[in-house]
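Note sheet for the following structure.
Values in this text are rule-based calculations from the coordinates and carry no lab data. Bear in mind that the values here come from a model prediction, so they are computed numbers and not experimental data. Backbone-built Cβ (ideal geometry, glycine too); neighbour counts: all protein chains shown.
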Amino acid sequence: MRLVWFTDSNMREWGGDYYPVIDESVHFIPRISERLDSFTMLSRCLIDAQPQTGSQPIVFKDNANFVALPFYNNTIDYYKRLPLLLLRTFPIANRYIKNSDVVVIRHHNCFSWLYYILSKWHGKPVVSKWASAIDDFVQANFPSSSLVDRMANVVAKFEMWYGKKIAHGSSLNLMLDDRTYDKLGRPLHVHKSVISFVSDVDLTSSLERDRWMLVYAGRLTRSKGVHDLLEVFSTLIPDFPLARLSIAGVGDYEDKLKELCREKNMEDRVLFLGRLTRSELRKLFQTSGVFVSPSYAEGLPKIMWEAWASRIAVVMSDVGGVPEYLRDGVNGKLVQPGDHDGLSRAIRDLLSNPEHLKMISDEGWMTAKQHTWEMEIDKMYEAIYESTKGAQS
């Protein structure tokens, strides 16, 4: 099978090597390409861009390669120059689709409709990979009335409209969660794709754990709800004087979050760690007590799986595909986004009950063990092969 995979995971080219911004590709590409005649990944890429500290380059086998698509690393430029990007992207996409057997399109990106139309034009079977309902994501990340935010919401509505048509015209839909499945009109051909990117080697830890340490890890943006966590944490301090909070990540909301810490007199209790490497993040998880993600919009966040693999108790918002794997009170705590009282109760319950905290941590670890990336990628390949084998050359 000659497989072409369009994704929107930003890459960085440095010294002739390609480094993924999201390091899941390091595992995914070698695993799936070894079972194919050829594998080509096409994605946005920053050329001559130094990789993040600790990033590992992708190792391409002889039958696999990466193709950089035109990209502007600036939201305003990206939307202003969409027509130019389209003209530059078309001939590249057309060439690789024409010479493929199967086309996988990772939605949502602005040109997924183009890849779909070209695939149908050349008579190629399409496998659509859906991350989440794009309208929910955009509303959470672009809530203002600014020109860029309005443009982003218009594009999102268009993507959901044609997304339904693409889903029902695809040979297979790789889904993360039932909410996206419902919004796309419940297409017939579906495989539940859970890529946790937790490996068997991630499932061990012998480090001493501080159960009073709370952790948030992710982008520091409004949609991630870290401001809610800080508000709640300020109310916990009188009852839990040993509690502390570590925040790992960077983003445009960082200064506002630090200002909130100063207003609440929590600067000695809250530590901003900046961007961590994967090994540094794993060590933080393995030495802390509770991971909290009060996000307003997610698909199926891989950070949840990494936390489970590190045997840390998790508190997550009831968004996206999270509730399909997190059973409230069993392998984690589930709260509604923006619900300060609910978030406070969940954290208090874990901090005040060490036996319950350990039980939830152990159950989360078992959940991660049942969905390692080795297992899930193999199941994904089998689903793609079975759904498209009649059209392969």
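Data overview
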| read-out | value |
| --- | --- |
| Neighbourhood net charge (12 Å Cβ-Cβ; Lys/Arg +1, Asp/Glu -1) for Ser344 | -3 |
| P(r), alpha carbons of the range 200-369 - 5 Å bins starting at zero, rounded % | 1, 9, 20, 24, 24, 15, 6, 1, 0 |
| Lys, Arg +1 and Asp, Glu -1 on Cβ, resulting dipole of the chain about Cα centre, debye, nearest 20 | 1100 |
| Positive dipole terminus of the chain, leading residue within Gly320, Tyr115, Met375 (C-beta point charges) | Tyr115 |
| Long pairs among Lys224/Lys379; Lys258/Lys333; Lys98/Lys129; Lys224/Lys256, criterion Cα-Cα beyond 23 Å | Lys224/Lys379; Lys258/Lys333 |
| Under the span-like rule (Cα at least 20 Å along the axis, Kyte-Doolittle mean at least 0.5), DSSP H helices of the chain | 82-98 |
| Ordering of 174-180, 277-283 by burial proxy (mean other Cβ atoms within 10 Å per residue, highest first) | 174-180, 277-283 |
| Packing-based ranking, highest mean first, of 315-328, 288-301 given that Cβ atoms within 10 Å are counted | 288-301, 315-328 |
